[in-house]
1. Mind counting the residues in region 174-203 that are buried (at least 19 other Cβ atoms within 10 Å of the Cβ), touching a Lys or Arg at 6+ places or on another chain (Cβ under 8 Å) and in contact (Cβ under 8 Å) with a residue 40 or more places away in the chain?
2. Being crowded, with 23+ Cβ neighbours inside 10 Å, part of a loop (DSSP other than H, G, I, E, B) and not β-branched (V, I, T) is the requirement here; does G66 meet it?
3. Does Y120 satisfy the condition of being away from ligand 2 (no atom under 16 Å from the Cβ), free of Cβ contacts under 8 Å to residues at least 60 places away in the same chain and buried (at least 20 other Cβ atoms within 10 Å of the Cβ)?
4. In this structure, does D29 turn out to be among the acidic types (D, E), assigned to a helix (DSSP H, G or I) and crowded, with 20+ Cβ neighbours inside 10 Å?
5. Picking from A214, A145, which residue would you name as being in contact (Cβ under 8 Å) with a residue 12 or more places away in the chain and touching an Asp or Glu at 6+ places or on another chain (Cβ under 8 Å)?
6. So G49 clears everything in (1) over 16 Å from the mean Cα position of the chain (by Cα); (2) within 16 Å of ligand 2 (Cβ to nearest atom); (3) of a type outside the set (D, E); (4) open to solvent by less than 20 Å² (accessible area, probe 1.4 Å) except one condition, right? Which one?
7. Out of A177, A190, which single residue is small (G, A, S) and outside any loop (DSSP other than H, G, I, E, B)?
8. Within region 210-243, work out how many residues are more than 24 Å from V59 (Cα to Cα) and among the aliphatic types (A, V, I, L, M).
Amino acid sequence: MKTAGRITAEAILVARDMIREGVTTKQIDDKIRHYIEKCGAKPTFLGYGGFPGSACISVNDEVIHGIPSDKKVLKEGDIVKIDVGAFWHGFTGDSANTFGVGKISKEAQRLIDVTRESFYRGIKAIEETEHPRIGDIGYAVQQYAESSGFSVVRKYVGHGVGHELHEDPQVPNYGTAGRGPRIYPGMTLAIEPMINQGTYDVKELKDGWGVVTADGKLSAHYEHSVAITDDGVILLTKIDGLE
Ligand code: MG
Ligand code: MG
């Protein structure tokens, strides 16, 4: 899972480095697929439930599951969510990050920063709670995101990850501390706050995949696959150079 995670993270780095005005989300997706295949791995998302891309690339009010397209051209001020998985020797990674195109608004940057920090609040809750439960993660994420003036998407949640992309348990980004399944060493989870600028309500696009905010405001996403160990939480999809 460490190797699958590292390849996943490197693919996100490859994508980040090509984000600029004028690039299409299809061009980014092609590079991601080539990179993952070059590593001897497979893009986990390609063909998953019929998904046509190697990555989900979601722009601005698109929350998740954006289909890469040669018609989607990035422009200055956009925020882009890159969500990738690499399948390697029977295991998959799953990770997402949000990047700005050129100069972005202060509010967009704050949304990205709060989303990332909410993830780390979730990790801290696991590490600092004596017998942590899944609800401790969601509680910490929600407290931080909402006290920063943003909202937490309810309809989509994190999950177990391992041989399969989506395994039990579900890992909501909201909840009650001390509730839900026990978190114990050996578990591998994809923790992934999806944080909105306005309402937490979302709606699905007619393409059958894309999910957008109901009010058209911005959304940010930050995800790592993590392993729970006796010595703490290992971020399997975090590499140097990636915030
Ligand atoms: Mg993901
Ligand atoms: Mg995920």
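The values are calculated or read from the model by the stated rules, or taken from the named source; none is laboratory data. In this text, all values refer to a predicted model and were calculated from it rather than measured experimentally. In this analysis, Cβ positions are derived from the backbone assuming ideal geometry, glycine residues included, and neighbour counts consider all displayed protein chains. When the accessible area is computed, the model is the full protein with side chains, heavy atoms only, and any ligands, DNA or RNA have been set aside. Shrake-Rupley method; radii C 1.70, N 1.55, O 1.52, S 1.80 Å.
1. From region 174-203, those buried (at least 19 other Cβ atoms within 10 Å of the Cβ) are 174-175, 180, 183, 187-197, 200, 202; that's our starting set.
With touching a Lys or Arg at 6+ places or on another chain (Cβ under 8 Å) added as a condition, the list becomes 174, 180, 183, 196-197, 200, 202.
Those left that are additionally in contact (Cβ under 8 Å) with a residue 40 or more places away in the chain: 180, 183, 196-197, 200, 202.
Summing the residues that are buried (at least 19 other Cβ atoms within 10 Å of the Cβ), touching a Lys or Arg at 6+ places or on another chain (Cβ under 8 Å) and in contact (Cβ under 8 Å) with a residue 40 or more places away in the chain in region 174-203 gives 6.
2. Yes: the conditions hold for G66.
3. no
4. Against the criterion (among the acidic types (D, E), assigned to a helix (DSSP H, G or I) and crowded, with 20+ Cβ neighbours inside 10 Å), D29 qualifies.
5. Within the list A214, A145, the selection yields A214.
6. So G49 meets the others, but not (4).
7. Values: A177 fails: outside any loop (DSSP other than H, G, I, E, B).
It is A190.
8. Result for region 210-243: 7.
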